[in-house]
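> Sharing a structure, written as structure tokens. Questions coming.
We did not get these values from a lab; they are worked out from the coordinates using the rules stated. Computed from a prediction, not measured in an experiment: that's the story for all the values here. Positions of Cβ are generated from backbone atoms using ideal geometry, with glycine treated the same way; all protein chains shown enter the neighbour counts.
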Amino acid sequence: MIYLILVFCLSTSSTICKNVRPPFEQPYASMMGCMMQAEFVASNMLRNRMDLQGYRLARWRCTESASRAYL
């Protein structure tokens, strides 16, 4: 299974960042499926989550390990 990890950084400081795994996310069946959905999921999170106001998507990754998904 493939998991998506998004990294959001403050718009005013690229050194203050949060690693976020989308809530209630089901693992992706393939790396391609994860990569194709990453920016869409990130934009929805930026629009809908109050704790991400003032943040921007800095990077994202897809990983095969559930334990690494929380790093």
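> Can you tell me how much longer the chain between ARG49 and MET32 gets when fully stretched, taken as 0.36 nm per residue apart minus their C-alpha distance, in nm with one decimal? Walk me through the numbers before you get to the answer.
Numbers: separation 17, 0.36 × 17 = 6.12 nm, distance 2.57 nm.
Answer, rounded to one decimal: 3.6 nm.
> Work through the residues other than ALA42 whose Cβ is under 11 Å from its Cβ and net out their charges, Lys, Arg +1 and Asp, Glu -1. Can you show the working numbers first?
Details: positive: ARG47, ARG49, ARG56, ARG59; negative: GLU39.
With Lys, Arg at +1 and Asp, Glu at -1, the neighbours total +3.
> Report, to one decimal in Å, the Kirkwood hydrodynamic radius for segment 3-63 based on all distinct Cα pairs. Working shown, then result.
Details: mean 1/r = 0.0848 Å⁻¹.
Kirkwood hydrodynamic radius for segment 3-63: 11.8 Å.
> Residue by residue, what Karplus-based ³J(HN,Hα) values in Hz, rounded to whole numbers, does segment 8-22 have, using 6.51, -1.76 and 1.60 with θ = phi - 60° and x for Gly and Pro?
Running phi through 6.51 cos²θ - 1.76 cosθ + 1.60 with θ = phi - 60° gives 10, 10, 4, 4, 8, 8, 7, 9, 9, 10, 10, 8, 10, 9, x Hz.
> While we're here: Grab the DSSP H runs of the chain that are 4 residues or longer, score each as -39,500 (n - 2.57), total them, divide by all residues and round the 222 nm result to the nearest 500 deg cm²/dmol. Don't skip to the end; give the middle numbers.
Numbers: 1 runs with 18 residues, N = 71.
The helix contribution divided over the chain gives -8500 deg cm²/dmol.
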